[in-house]
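Here the structure is laid out as structure tokens; the discussion comes afterwards.
The values are calculated or read from the model by the stated rules, or taken from the named source; none is laboratory data. Predicted model only: the values in this text are computed from it and were never measured. All Cβ positions, glycine included, derive from the backbone under ideal geometry; neighbour counts span all protein chains shown. Remember, those area values only see protein heavy atoms, side chains included, never the ligands or the DNA or RNA. Shrake-Rupley method; radii C 1.70, N 1.55, O 1.52, S 1.80 Å.
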Amino acid sequence: MLLDEVRTLATDFAVRQILHEGGQAARSYSAEISDRTRFYVLWRWNYGEACVPFNEARKLAQSCGLDLAEEWSRRGGVVKKEQEFVRLLGPHQREMEHLAAGQDLIDVLHHALRLWEKGDRTELIARLRESSYGRSEAFYRVAQAISECLPIESREKNC
């Protein structure tokens, strides 16, 4: 459908801008991130840590190829419905067991943040090695972009 193609192009462009990428190399980084990670980055860039009305969140999710209702129903997901609002869950609001089992870039990043905060360097290195994100430029660009979107007092930023 043409509208889906336009949404995809727009979100790809936005993600490349957020990740501070230019030229052809940008496409390779943005191509490495999943729809869930793309959604997470775009949410933080647009809304920071704010709760968002359902319809606004639904539109953003749809532009990333996600079904918002499926995402908040999913155990270990990154969103939570709160009446007519939706909240994006940061690393401290998600269960460690789901983060440890997750293979998506955003799950590995959240797990790494929690391990870093605990001072568990050995487990952090093992997690990055096992997931192969430790060698991924996209992983570090996503982490940097999210950090730049958050206020200085954010717990997520200060892990």
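Rounded to the nearest 0.05, what FRET efficiency is calculated for Gln62 and Glu137 with R0 set to 35 Å and r the Cβ-Cβ distance?
Computed FRET efficiency for Gln62 and Glu137: 0.80.
For segment 70-159, with equal point scatterers placed on the C-alpha atoms only and solvent neglected, what are the log10 I(q)/I(0) values from the Debye formula at q = 0.13, 0.17, 0.18, 0.19 1/Å, to two decimals?
The calculated log intensity ratios at q = 0.13, 0.17, 0.18, 0.19 Å⁻¹ are -0.44, -0.74, -0.83, -0.92.
Could you give the dipole magnitude of the chain about its Cα centre, charging the beta-carbon of Lys and Arg +1 and that of Asp and Glu -1, in debye to the nearest 20?
Dipole about the Cα centre, nearest 20: 200 debye.
How far apart, in nanometres, would the label points at Ser73 and Glu5 be if each is projected 7 angstrom from Cα along the Cα-to-Cβ direction?
Roughly 3.1 nm, to one decimal.
When the helices in the chain are scored as -39500 (n - 2.57) per DSSP H run of 4 or longer and the sum is shared across all residues, what 222 nm value do you end up with, to the nearest 500 deg cm²/dmol?
-19000 deg cm²/dmol
Given the convex hull over the Cα atoms of segment 65-104, what projected area results after averaging over all orientations, in nm²?
3.2
Treating the Cα atoms of the chain as identical point scatterers in vacuum, please give the log10 of the normalised Debye intensity I(q)/I(0) at q = 0.11, 0.20 Å⁻¹, two decimals.
Summing over Cα pairs of the chain leads to -0.42, -1.42.
In nm, to one decimal, how far is the modelled label at Lys118 from the one at Phe54, with both set 7 Å along Cα→Cβ?
3.6
When only Cα pairs under 8 Å and 6 or more residues apart are kept, what is the percent relative contact order across segment 55-143?
Over segment 55-143, the number comes to 15 percent.
Compute the length gained on full extension between Ser154 and Asp35: take 0.36 nm times their separation in residues and subtract their Cα-Cα distance, giving the result in nm to one decimal.
Extra length available between Ser154 and Asp35 comes to 40.4 nm.
Quick one: with all protein chains in place, what share of the accessible area of the chain is carbon or sulfur, to the nearest percent (1.4 Å probe)?
It is 51 percent, rounded to a whole number.
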